[in-house]
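Following: one structure in C-alpha cells, then a few remarks.
The values are calculated or read from the model by the stated rules, or taken from the named source; none is laboratory data. Computed from a prediction, not measured in an experiment: that's the story for all the values here. Methodologically, a virtual Cβ is constructed for each residue, glycine included, from the backbone with ideal geometry; neighbour enumeration extends over all protein chains shown.
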Amino acid sequence: MAYGSRYEEVLRPARIAFRTPKDSAGLTVVERVKGDAGTDFGAPSIAAKAEAAPVDAKELRRLRSILEATWGAFDAAAEAARGKKLRTGPRGGGRSLQKIVAHVLSSDASYVRRIAGRPPKVDESDPWAAAEDVRAAIAEALARGVRDGVPERGPRGGAMMTIRYFVRRSAWHVLDHTWEIEDRTPGR
C-alpha cells in the first residue's frame with residue numbers, strides 16, 4: 001500500500017486505472033501462493049494459478065501497455081539520474097546507474113527465453129544501445145506466445161513462464177530498479 005501512489009503514477013500514461021485503497025480493509029486476497037527463497041527476498045518468483053489463464057489479443061494489448069508504462073518510468077528515472085552519482089545504500093553499497101541499466105536489460109533479455117523468445121545481447125559498456133532490441137524481442141515473443149502458445153518446457157528442459165507471469169515478473173523487476181534509481185538520485 002505504501003507504493004500505491006507510485007503504481008498510480010507509472011500506470012497513468014497507459015490509462016490503466018490503479019487506485020490505492022485507504023487501508024488494508026480495501027484489499028482482497030484472490031490467491032495465496034507458496035513462496036520460495038526468491039519470494040522471501042521480495043521477488044515474485046512463483047507464478048499464481050490465475051496467471052495460467054489464456055491471453056487474447058485485447059488482453060495482450062493491456063499487458064503490453066503495462067510493460068511499456070514500466071519501461072517509460074524506468075527510462076525517465078535513468079535519464080533524470082544521468083550524470084549524477086547515486087547515493088549509496090545504508091552499508092555504503094549500490095550499483096552505478098550504468099550497472100543498474102545493464103542489469104535490468106540483461107535480465108529482461110534472459111527472461112525472454114522463458115517465453116520462447118530470442119534474447120539480444122546486452123553490452124554492459126553501453127546497455128542503452130540494446131534497450132530497443134530487448135523490448136522488441138519481448139513484444140515479438142509475447143505476440144508469438146499468445147498466437148502459438150508457450151511450451152511448458154524449454155529446449156533444455158527448463159520451466160517456461162506464462163505470458164501473464166512474464167509480464168508481472170518483468171514489470172516488478174523494472175519498477176523495483178526504477179524506484180531504486182529514484183530513491184538514490186541526489187535532489188529527488
- Of all residues in the range 76-95, how many are more than 19 Å from the chain's Cα centre (by Cα) and either part of a loop (DSSP other than H, G, I, E, B) or of a type in the set (Val, Ile, Thr) (or both)? 13
- Item | All positions within the range 140-171 that are assigned to a helix (DSSP H, G or I) and touching a Gly at 6+ places or on another chain (Cβ under 9 Å) | 140, 141, 142, 144, 145, 163, 166
- Item | Subset of the range 39-74 [part of a helix (DSSP H, G or I), within 22 Å of residue 181 (Cβ to Cβ) and modelled with pLDDT under 95] | 41
- Item | Selected residue (only one of 159, 139, 143 is closer than 19 Å to residue 46 by Cα, touching a residue at least 40 places away in the same chain (Cβ under 8 Å) and surrounded by fewer than 18 Cβ atoms within 10 Å (Cβ to Cβ)) | 159
- Message: Just to check your reading of the model, which residue among 108, 40, 23, 75 is of a type in the set (Asp, Glu) and touching a residue at least 60 places away in the same chain (Cβ under 8 Å)?
- Response: 108
- Message: So for the range 107-124 (the condition being under 19 Å from the mean Cα position of the chain (by Cα), of a type outside the set (Asp, Glu), loosely packed, with under 13 Cβ neighbours inside 10 Å and outside any loop (DSSP other than H, G, I, E, B)), does at least one residue qualify?
- Response: yes
- Would you call residue 6 at pLDDT 90 or above, among the basic types (Lys, Arg), farther than 30 Å from residue 148 by Cβ and in a helix (DSSP H, G or I)? yes
